[in-house]
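Derivation of every value follows stated rules applied to the coordinates shown; laboratory data play no part. Because the structure is predicted, anything quoted here is derived from the model rather than measured. A quick note on method: Cβ atoms are made from the backbone with ideal geometry, for glycine too, and the neighbour counts reach across all protein chains shown.
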Amino acid sequence: MKNVFTGIDHPAIAAADVEALTKWYCDVLGYTVYAKTDKPIYIIEAPDGTYIEMMPKDDTERPERTINTPGWSHLALRVNDMDAAVAMLDERGIEWAGPEFEAVGGGRIRNFADPEGNILQIVQR
């Protein structure tokens, strides 16, 4: 039987401030708003056509997260020039969570977090 799964459409982030976090992803990481509802829920689009959903969080307390906390750990964003991406993010005030390291399977990775503490990586393979 032919595989009907073709890839990931989008991860979702439940945000304390959906408007502010969406603006940050657009201003700092270059996403654009693809769709918005009144709730507000946003679908934002990366230059390569991949999406992230931004939605309001509920009242559940969030545990402190590390790169190895069980469950979804981080969101890795592909870059085509690690040095240029690091320089751009440095100019935009990103605080890095440590030095660059080698990616599993080859390549370069650097960790940081968005304003709500969601762990992000930039990856060049």
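Scanning segment 54-86 for residues that are closer than 14 Å to residue 12 by Cα and either assigned to a loop (DSSP other than H, G, I, E, B) or among the aromatic types (Phe, Trp, Tyr) (or both), we see that the one that is farthest from the chain's Cα centre (by Cα) is 58.
The condition of being touching a helix residue (DSSP H, G or I) at 6+ places or on another chain (Cβ under 8 Å) and either among the basic types (Lys, Arg) or loosely packed, with under 11 Cβ neighbours inside 10 Å (or both) holds for only one of 78, 125, 108, 62, that being 108. Within segment 1-49, the set of residues being in contact with a Leu (Cβ under 9 Å, 6 or more places away or on another chain) and not in a strand (DSSP E or B) comprises 11, 28, 29, 46. Contact annotation: residue pairs with Cβ atoms under 7 Å, 6 or more positions apart or on different chains, pairing a residue in segment 1-30 that is free of Cβ contacts under 8 Å to residues at least 24 places away in the same chain with a partner that is aliphatic (A, V, I, L, M), are 26/33; 26/44. Of all residues in segment 31-59, those being free of Cβ contacts under 8 Å to residues at least 24 places away in the same chain and either within 15 Å of residue 120 (Cβ to Cβ) or surrounded by 13 or more Cβ atoms within 10 Å (Cβ to Cβ) (or both) number 8.
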